[in-house]
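The values are calculated or read from the model by the stated rules, or taken from the named source; none is laboratory data. In this text, all values refer to a predicted model and were calculated from it rather than measured experimentally. No Cβ is skipped: glycine too gets one built from the backbone with ideal geometry, and neighbour counts run over all protein chains shown.
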Amino acid sequence: MEILAGERFGRLTVVQDRGPREVECRCDCGATKIAVRKYLRNGDTRSCGCLHKEGLIAMSKKHGDTGSRLHRIWKSMRTRATNPNRKQASDYVLRGITVCDEWSDYRKFREWAECNGYADNLTIDRIDNNGPYSPDNCRWVTYKDQCRNKRNTHVFEYHGQVYRTIKDMCGALGIGYRMVQARLRQGWPLDEAVTLSNVKPGPRKNGQKRKEREVCRDER
C-alpha cells in the first residue's frame, strides 16, 4: 500500500521512501527512524522507541511520587521496621515494630496521609510507641511534639495533672522553667521545686532545706 511523505503514524511523520518495504520517518521527539511499511499501517510502529521508554518509566514509578518528601517518609518507615542492620534497629525492627500490610502499598499510605492532615512541616508519629505503623496508630505532628512522645521522654505528674515535659508543666503553671530545671538537677523534690517559686536556685545553706519545707507547708 502506498505511503506518502507527510503522512503521520502515531508520533512518526513520513519523510521519504526508502524502497519497497521501508520509509524514513521523523519522530515528534526529533529522532529519525527507518520503519517497515506494514508495521506503520497496522499500528505496531508508532514512534522511534521513545513511546515505549516513557511507558517503562511510568510503570517503574507507578505513583509518580518517587523522590517526594512523602515517599521518602514511607520508605524510611518501612526500612526502620524491616532492616535489622540499621543503627537504630534496637528501637524498631528488633523491638517488634512493624508496618501494617495495607501500607506495603505506597498509594494506600499516600491516601491515608492526604486524608489525615499531612503537611510538609509535619512528621509521622506512632501514638502508642510499642504499636505498629498503621492507620489507627499513626498521626501527623510537629517534630517538637514527636520528641515529646519518645519512649525516653519522662512524664511528670503534679497535683493530679500529667505533663509530658518539665517545660510543659512550667508553662501550664506559669512559673520559670529554668528555675525549676536547676532545682531538679540539684536533687530537689518536684513538689518543692515547683512550689517554692520565691526562692532562687543555687547551693542551699545548712538548715535552708528545713526552712523551705516549712514555708512549703504554710503555702499549702
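Conditions (1) at pLDDT below 80; (2) more than 25 Å from residue 104 (Cβ to Cβ); (3) in a helix (DSSP H, G or I); (4) outside the structural domain of residue 103 (by TED's automatic domain parsing), marked per residue:
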residue: 124; (1), (2), (3), (4): no, no, no, no
residue: 129; (1), (2), (3), (4): no, no, no, no
residue: 167; (1), (2), (3), (4): yes, yes, yes, yes
residue: 175; (1), (2), (3), (4): no, yes, no, yes
residue: 179; (1), (2), (3), (4): no, yes, yes, yes
residue: 191; (1), (2), (3), (4): yes, yes, yes, yes
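Find the helices (runs of 4 or more DSSP H) located wholly in the stretch 10-108 whose residues include 1 or more that are closer than 30 Å to residue 126 by Cβ, and list them. Quick ask: steps written out before the conclusion?
On the way: elements: 37-42, 50-61, 69-80.
Counting at least 1 such residues, we get 50-61, 69-80.
All of 110, 41 fail the test of being among the basic types (Lys, Arg) and either surrounded by fewer than 15 Cβ atoms within 10 Å (Cβ to Cβ) or under 30 Å from residue 14 (Cβ atoms) (or both), apart from 41.
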